[in-house]
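Structure first, then comments.
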Amino acid sequence: MPTQRLTELPDNVRRLIEKTTGSPVVDIAMISAGLNSAIAARVETAHRTMFVKGLPLNHPRVWTQTREAQISPHVLGIAPRLLWHYEADGWSLLAFEYLQGHHADYTPASADLPAVMASMVQLSHIPAPAAHLKTMSHRLRGYVDDPADLAWFAGNHLLHTEWNPHNVLVTGHHARLVDWGWASTGALWIDPALWLLWLIAHGHTCQQAEQAAAAHPAWQQAPAEGLDALARAQQRLWHSIAAQSPDDWAKPMHEAATAWEAHRRH
């Protein structure tokens, strides 16, 4: 479920930022895009501009803040640099370098797609850190009929998994991946497979989306049975999300996952 986004920066959060940076805040611009943070803002102090995101310490997914802090040193070059992680006064806050850019365009004619794929391929060469990460087999265990299907998803590769275009910032010719709270380990072909669902939701046919995913070297080794199993699991996952969501943000993804599952089945 999406986290309710605050439209103003709480005074105590502003004070925490000033205490952490040792510099007064001179400008704040709240950011509405995204689903997982209670706070998302461009914050300018007297010395630098940063992107600050946060969750209350009693939020059930506050662990994703710690996960991002753990992952950040390992993904330099494909993600904004983490400046600091601070927990106090009821809040968990992350501050990243602020990058000018736009959220990735996933429509079929988009010039952003090669840059997204390039960063995805670069990620495939980064070893999974020692941090305790969820596995894709564990995450999808509730969405399979046959537990044996979970073996297809197993692997020790670092995966981003959350390919919402709001999590991809295009700066010049480069794509920077943000929001690593759901980073996981699993089979290397899973990231391009999850990405193609977002492509379908943004206007690609299933065949076009699979062709785009095939630019990833791991796609050539993806077992057909594993892709079929993932398609079934994703259809069930997005059906569940769409049924619980109070608005329409998940409906296109449910439709995309349903279309891909039918495509794989036929």
Filtered residues of segment 128-140 (kept if surrounded by fewer than 19 Cβ atoms within 10 Å (Cβ to Cβ) and out of contact with any His (no Cβ under 8 Å at 6 or more places or on another chain)):
Ala130, Ala131, His132, Lys134, Thr135, His138, Arg139
Going by the structure shown, is His166 assigned by TED's automatic domain parsing to the domain that holds Ser110, under 13 Å from the mean Cα position of the chain (by Cα) and surrounded by fewer than 19 Cβ atoms within 10 Å (Cβ to Cβ)?
yes
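Condition (residue is modelled with pLDDT under 95, more than 20 Å from the chain's Cα centre (by Cα) and either part of a helix (DSSP H, G or I) or under 24 Å from Thr64 (Cα atoms) (or both)) applied to segment 203-220: is it met by at least one residue?
Filtering segment 203-220 down to residues modelled with pLDDT under 95 leaves 220.
Going one step further and asking which of them are more than 20 Å from the chain's Cα centre (by Cα), we end up with 220.
From the residues that got through so far, the ones that are either part of a helix (DSSP H, G or I) or under 24 Å from Thr64 (Cα atoms) (or both) too are 220.
Yes, some residue in segment 203-220 is modelled with pLDDT under 95, more than 20 Å from the chain's Cα centre (by Cα) and either part of a helix (DSSP H, G or I) or under 24 Å from Thr64 (Cα atoms) (or both).
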Could you tell me how many of the residues in segment 85-118 are surrounded by fewer than 17 Cβ atoms within 10 Å (Cβ to Cβ), part of a helix (DSSP H, G or I) and within 17 Å of the chain's Cα centre (by Cα)?
1
Given the options Asp179, Asp191, name the one that is among the acidic types (Asp, Glu), within 14 Å of the chain's Cα centre (by Cα) and modelled with pLDDT under 95.
Asp179
State which residue pairs qualify: first residue closer than 14 Å to His59 by Cα and inside segment 89-101, second residue in a strand (DSSP E or B) and aliphatic (A, V, I, L, M) in any location, beta carbons under 7 Å apart, and separation of 6 or more residues or different chains.
Ser92/Leu55; Leu93/Val52
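The values are calculated or read from the model by the stated rules, or taken from the named source; none is laboratory data. Computed from a prediction, not measured in an experiment: that's the story for all the values here. Every residue, glycine among them, receives a Cβ derived from its backbone with ideal geometry; neighbour counts consider all protein chains shown.
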